[in-house]
Amino acid sequence: MHQTIHKPVLLGTVLTYLAPERGNSYLDLTAGYGGHAQAVLERTQAPSLMTLVDRDETAVNALTSFESQGATVLHASFEEASVTLLSGGKRFDMILADLGVSSLHLDTSSRGFAFRTTGPLDMRMDQRAELTAATVVNTYNQAELEGILRRYGEEPRARTIAAAIVSHRPFATTTELAEAIAKVMPRGSKVHPATRSFQAIRIAVNDELGQLERSLPMWFQLLKPGGRLGVISFHSLEDRIVKQAFADMTGDRYDADYHLLTKHPVVADDTETVSNPRARSAKLRVLQRK
């Protein structure tokens, strides 16, 4: 059941690097619909040593089968969960963070992540959060919008798009916004002209990069000696943060407490990208505590 809703990316690779063994403890910081967790559980046979975290209510509701087996399920952002677990003295043999947006978010138009289907300008991963895409798009000034598009979308035409948004607002739906952006973009690209802008607004709404930067240091501390941490990122901004943090913790110093298990990020093979297009941009980095 877990596999059908959302295909876990790089599943075989994650299992190879995290190397779950019977009786190991596992923390999944972005458990989603439990695809990775199910595969790990089959090897550890230890649901009571499993903590599954997600900030999305729909995902949390989908994890009840794990809870009924004895797993701990936390409805929280990975940052909030990390603070709670660390202060509670918890440590784990394996930690996984699969960043990015689940296909269920993208495929559910009412959540407002997709520009190809009409939905409200929402984009919240946590439905309890106050800030929505509508607030960003309809109330931020042109300079703020340009900054978001440039920083989080690496959009070269950020100024033009920000000006178009300000002059055409208010916007009520995702398709209205996508069309306004498309009108000021050059034609002929294979990628939808609103792709980068939607990514940028989504990252701003959910504070994705800020959460990642603040959480990574806690993830290192949550590892037991010999424990492994795997992070899957989906765009260069995330991957850069993970790469830098891992480099800072491992290094070639004799006193480093961690060592890198992946010299380069591991990516999906052709077989996986055909069956699961979302895996195309996935990059896995793994380190181990000594």
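Scanning the range 79-95 for residues that are among the hydrophobic types (A, V, I, L, M, F, W, C), buried (at least 23 other Cβ atoms within 10 Å of the Cβ) and touching a helix residue (DSSP H, G or I) at 6+ places or on another chain (Cβ under 7 Å) turns up Met94, Ile95. Cβ-Cβ distances below 6 Å connect the following pairs, each with a first residue in the range 271-289 that is without any contact (Cβ under 8 Å) to a residue 12 or more places away in the chain and of a type outside the set (A, V, I, L, M, F, W, C), a second residue that is surrounded by 16 or more Cβ atoms within 10 Å (Cβ to Cβ) and part of a helix (DSSP H, G or I), and a separation of six or more residues or different chains: Thr273/Ala279. Screening Gly210, Gly227, Gly188 for residues that are of a type outside the set (A, V, I, L, M, F, W, C) and within 16 Å of the chain's Cα centre (by Cα) leaves exactly one candidate, Gly210. Contact annotation: residue pairs with Cβ atoms under 7 Å, 6 or more positions apart or on different chains, pairing a residue in the range 98-116 that is more than 15 Å from Val9 (Cβ to Cβ) with a partner that is of a type in the set (Gly, Ala, Ser), are Ser109/Gly119; Ser110/Gly119; Arg111/Gly119; Gly112/Gly119; Gly112/Ala133; Phe115/Ala178; Phe115/Ala194. Being charged (D, E, K, R), closer than 24 Å to Asp239 by Cα, touching a Lys or Arg at 6+ places or on another chain (Cβ under 9 Å) and not in a helix (DSSP H, G or I) is a condition met by at least one residue of the range 2-13.
So, in the range 107-134, of the ones that are basic (Lys, Arg) and surrounded by fewer than 18 Cβ atoms within 10 Å (Cβ to Cβ), which residue ends up nearest to Lys224 (Cα to Cα)? Only one residue tops the list, namely Arg128. Checking each residue in the range 138-180 for being over 25 Å from the mean Cα position of the chain (by Cα), assigned to a helix (DSSP H, G or I) and farther than 24 Å from Ser236 by Cα picks out Asn138, Thr139, Gln142, Ala163, Ala164, Ile165, Val166, Ser167, His168, Glu176, Glu179, Ala180. Of Leu104, Leu74, all but one fail to be modelled with pLDDT under 95, over 22 Å from Pro225 (Cβ atoms) and either out of contact with any strand residue (DSSP E or B) (no Cβ under 7 Å at 6 or more places or on another chain) or not acidic (Asp, Glu) (or both); the exception is Leu104.
On the stretch given as the range 36-65, residues that are surrounded by 22 or more Cβ atoms within 10 Å (Cβ to Cβ), at pLDDT 95 or above and among the small types (Gly, Ala, Ser) total 1.
The values are calculated or read from the model by the stated rules, or taken from the named source; none is laboratory data. As the structure is a prediction and not an experimental result, all values here were calculated from the model. So basically every Cβ, Gly included, is an ideal-geometry build from the backbone, and we count neighbours across all protein chains shown.
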